[in-house]
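The values are calculated or read from the model by the stated rules, or taken from the named source; none is laboratory data. Since the model is a prediction, treat every value here as computed from it, not as a measurement. Methodologically, a virtual Cβ is constructed for each residue, glycine included, from the backbone with ideal geometry; neighbour enumeration extends over all protein chains shown.
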Amino acid sequence: MRRDNSFFGSATFWIMAVTVLIYFVQRHFAHYYVVPTGEGLTVNFEKIPLLLDIMLKKFAHGVSPANQPIGLIDYLFGMNPFAVVKNFEIWRLFSYIFLHADNSPTHLIFNMLILFMCGLPVENEWGKRRFIAYYLLCGIGAGLVITIMGIFSNGFLPQYPTIGASGAMFGILFAYARFYPDSTFLIFFIIPVRAKYFIIIYALIELFFELSGAQPGVSHVGHLGGLLTGFLYFKYMKYKFSKRKKRRTSKKRSEFSVVSSEKNESSIIMKNVILEKLRAGKGKESLSDDEWQYIKYLDIIHDSSDSEDKSGIKSDKEFINEVRNFIKL
């Protein structure tokens with residue numbers, strides 16, 4: 001069902017607003033660095049908010065490569081396979097979605113542009129709650145793929161954190177392509193490509209970069225993870241809808257069978273009552289209006305191919321023929 005929502009009241013707007021707000025928080029802490037060492041952490045600051053101080057002391061020990069400076073926010077909240085699996089810091093599967101590179105707004109602007117262009121139409125199809133759930137699902141799904149591939153390729157070694165909503169954005173792009181397959185994207189702002197082909201081309205490009213290593217520093221596996229999550233979501237919903245449809249069809253058939261059985265039973269009783277009156281010689285005058293209308297109805301609709309019922313009950317044709325022995329129709 002399509003829903004007409006204003007942009008400023010939409011979930012898309014609030015996701016963008018929260019993400020931009022967090023970006024400014026990142027900017028505030030842009031010069032707060034953590035440097036993991038073999039013996040602990042070296043920091044370039046003296047005082048930070050209490051929550052961050054507690055998290056820094058209690059969590060995130062040894063999760064990133066030693067002697068490499070990492071931004072404080074990225075260190076605590078970025079997607080880190082080692083931290084998720086080894087230290088069970090599962091909030092990272094969620095928190096990294098709202099983080100972006102704080103040294104340039106390009107990363108943030110590109111993701112928010114996709115969310116604005118493609119997210120709002122998808123939200124209008126689904127509504128706020130389902131859209132938010134899908135957005136977070138794709139982001140978390142991308143994080144799980146990053147975790148699995150990170151452990152598979154590097155084992156349980158400390159790794160540099162991944163940040164960004166790009167995995168969720170690829171899920172949004174996939175949903176947009178499913179809802180609006182014939183809408184047009186402009187590659188390089190020049191080449192028009194339909195959405196259903198654009199998402200395939202984009203996925204192949206991401207796969208090429210991931211396998212070739214031609215674009216280091218970008219989590220192409222995360223992009224593909226978001227795309228895969230979106231694909232699996234639509235597959236699941238299709239299966240769920242099909243199963244629900246079969247259940248409803250089966251229920252309707254069952255109800256129809258009950259109704260048909262009741263109708264057959266009523267018909268048998270009606271026939272027996274009519275024949276008992278006629279066999280007793282009471283004639284047409286003994287029949288009620290309903291009984292007479294029933295006889296006339298069967299006289300009109302009965303088919304010459306009608307055969308005797310398996311239970312031995314007289315068919316409509318045989319019933320009408322016997323009635324004719326007593327009264328004229």
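Whether any residue in the range 258-265 is modelled with pLDDT of 85 or more and farther than 30 Å from N325 by Cβ is what I want to check.
No; the residues of the range 258-265 include none that is modelled with pLDDT of 85 or more and farther than 30 Å from N325 by Cβ.
What residue, of N44, N80, N103, is more than 13 Å from Q159 (Cα to Cα) and under 37 Å from the mean Cα position of the chain (by Cα)?
N103
Here are some residues: V63, V85, V145. Which one is among the β-branched types (V, I, T), farther than 20 Å from R27 by Cα and not in a helix (DSSP H, G or I)?
V63
Which condition does F189 not pass, out of (1) part of a loop (DSSP other than H, G, I, E, B); (2) at pLDDT 95 or above, if it passes all the others?
(2)
Could you identify the single residue in V122, V84 that is in the same structural domain as T37 (by TED's automatic domain parsing) and touching a residue at least 60 places away in the same chain (Cβ under 8 Å)?
Answer to the selection: V84.
Going by the conditions given, is K240 more than 21 Å from I114 (Cα to Cα) and surrounded by fewer than 16 Cβ atoms within 10 Å (Cβ to Cβ)?
Against the criterion (more than 21 Å from I114 (Cα to Cα) and surrounded by fewer than 16 Cβ atoms within 10 Å (Cβ to Cβ)), K240 qualifies.
Identify, by number, the condition in (1) modelled with pLDDT under 90; (2) under 22 Å from M169 (Cα atoms); (3) not in a loop (DSSP other than H, G, I, E, B) that Y96 doesn't meet.
(1)
How many of the residues in the range 102-119 are among the small types (G, A, S) and either surrounded by fewer than 16 Cβ atoms within 10 Å (Cβ to Cβ) or in contact with a strand residue (DSSP E or B) (Cβ under 8 Å, 6 or more places away or on another chain) (or both)?
Adding up the residues that qualify gives 1.
Could you check D102 against (1) in contact with a Lys or Arg (Cβ under 9 Å, 6 or more places away or on another chain); (2) assigned to a helix (DSSP H, G or I) and say which number it fails?
(2)
Just give me the residues in the range 156-171 being of a type in the set (A, V, I, L, M) and assigned to a helix (DSSP H, G or I), in sequence order.
Passing the criteria: A168, M169.
Restricting to the range 152-204, name every residue that is of a type in the set (V, I, T), over 24 Å from L108 (Cα atoms) and touching a Phe, Trp or Tyr at 6+ places or on another chain (Cβ under 8 Å).
V193
Being exposed (fewer than 15 other Cβ atoms within 10 Å of the Cβ) and either part of a helix (DSSP H, G or I) or not assigned by TED's automatic domain parsing to the domain that holds I22 (or both) narrows it down to one residue among D74, D53; which is it?
D53
Does the range 104-140 hold any residues that are of a type in the set (V, I, T) and more than 19 Å from T229 (Cα to Cα), and which are they?
The answer is T106, I109.
Is it the case, given these coordinates, that F174 is part of a helix (DSSP H, G or I), of a type in the set (F, W, Y) and more than 17 Å from the chain's Cα centre (by Cα)?
no
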